[in-house]
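Everything below concerns the one structure shown next.
Every read-out reported here was derived from the displayed coordinates using simple, explicitly stated rules and does not represent laboratory data. Keep in mind the model is a prediction, meaning the values are calculated, not measured. Every residue, glycine among them, receives a Cβ derived from its backbone with ideal geometry; neighbour counts consider all protein chains shown.
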Amino acid sequence: MLRMKEGDELTLTDGRGHFALASITAATPKRCLYRTTQQWDDPKLWNGNIRLAVAPTKNMDRMEWFCEKATEIGVDSIHLLLCDNSERRVVKTERLEKIVTGAMKQSHKAQKPEVEELVKFMDFVKRDFPADCQRFIAHCHTPQETDEGTANEQTLHLTNRNFLGDLLQADGDAVVLIGPEGDFTPEEVAAAEAAGFQPISLGESRLRTETAALVAVHLMYLAKRLRTKQ
C-alpha cells in the first residue's frame, strides 16, 4: 500500500451522496490533515429505494459476499430477517457495516447502504411501507400431492408467481424478501401476502440464499435504471 504524503489529493465521501476532493496538508503516522478543495453531489441513478430483506446464511462468509456485491451493484438498504427456519439467529452487523463501507469506496459510490439489525419476519412484513412501495416475496414452494392425488390448494396458490423483472416500476420503493436456506414456511408466505407482498419468481433455477438475494438486487437495479431513463 502506498503511503500518501503532504500535497497528495484524495477523494472523500460521507456515504450520503456527497463527494469532496481534498489536499493533504500534513501527514504523520498518527494523523492526517487535509483541506477540501472541491465538493459535489453524486445523485442516485434510479428513483425510489432498492431494499433487500434476507435471512442470513449459517455461513456468514456467504452473507458478507452478498453485502459486498450488492453494494457494488447498487442497493439502498439491506434488512436481516429472523425466520422460522433461520439457521443463524445472531448477527454482528458491525462486520457487515465495514464490508459495505469498503465496497462503497471500491466501487466509487457516494451512498452507503443501510444495514439493519436482525428483525423478526412477522414484524418486518407488518411495517408501514410507503403507499408506492412495491413489495415482493421469493420462495421455492411447489405443489404437493395429497393422498388423493390432487394438489394442495394452498401450495398451488404459493406457486402462482410472475418474474420479478417484469413487475418492477421506475418510481417508488421496491423491497424483496429472500428466505433462509430452509425457505419461508407456508405460514410466513401467507402472512406476507396478507400484508401486501406479491409472490415472484427469480427464474427457472433454484438458487442459494445469497445468490437469490443478489439476483433480486440486480434485477431491481437494472429495471429501475432502464425504466428511469425512458
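Say the cut-off is 32 Å between C-alpha atoms; which of 58/126; 30/58; 30/224; 69/126; 44/120; 5/92 go over it? Numbers along the way, then the final one.
Working: 58/126 25 Å; 30/58 38 Å; 30/224 44 Å; 69/126 28 Å; 44/120 30 Å; 5/92 35 Å.
With Cα atoms farther than 32 Å apart: 30/58; 30/224; 5/92.
How large is the charge dipole for the chain, taken about the Cα centre, if only the Cβ atoms of Lys, Arg (+1) and Asp, Glu (-1) carry charge, to the nearest 20 debye? Mind dumping the intermediate values first?
Values: 30 positive and 35 negative charges, 274 e Å.
In total the dipole reaches around 1320 debye.
Tell me, what is the percent relative contact order of the chain, built from C-alpha pairs under 8 Å that lie six or more residues apart?
On the way: 431 pairs, mean separation 55.3, N = 230.
In percent, rounded to a whole number, it is 24.
Specify, per residue and in Å³, the volume enclosed by the convex hull of the alpha carbon atoms belonging to region 162-204. Before the final figure, lay out the partial values.
On the way: hull volume 3.8 nm³, N = 43.
Hull volume normalised by residue count: 88 Å³.
Within 10 Å, Cβ to Cβ, of residue 51, how many net charges do the neighbouring residues add up to if Lys/Arg are +1 and Asp/Glu are -1? Provide the component values of the computation, followed by the final result.
On the way: positive: 135; negative: 76, 114, 116, 173.
Summing Lys/Arg as +1 and Asp/Glu as -1 gives -3.
What do you get when you divide the Cα radius of gyration of region 12-118 by 2.2 N^0.38 Å, with N the number of residues? Display every interim value, and only then the final one.
Working: Rg = 16.6 Å, N = 107, 2.2 N^0.38 = 13.0 Å.
The reported ratio for this selection is 1.28.
Which label marks the calculated value of percent of Cα pairs over 26 Å apart, given the options (i) 32; (ii) 56; (iii) 44?
Computed from the coordinates, percent of Cα pairs over 26 Å apart corresponds to (iii).
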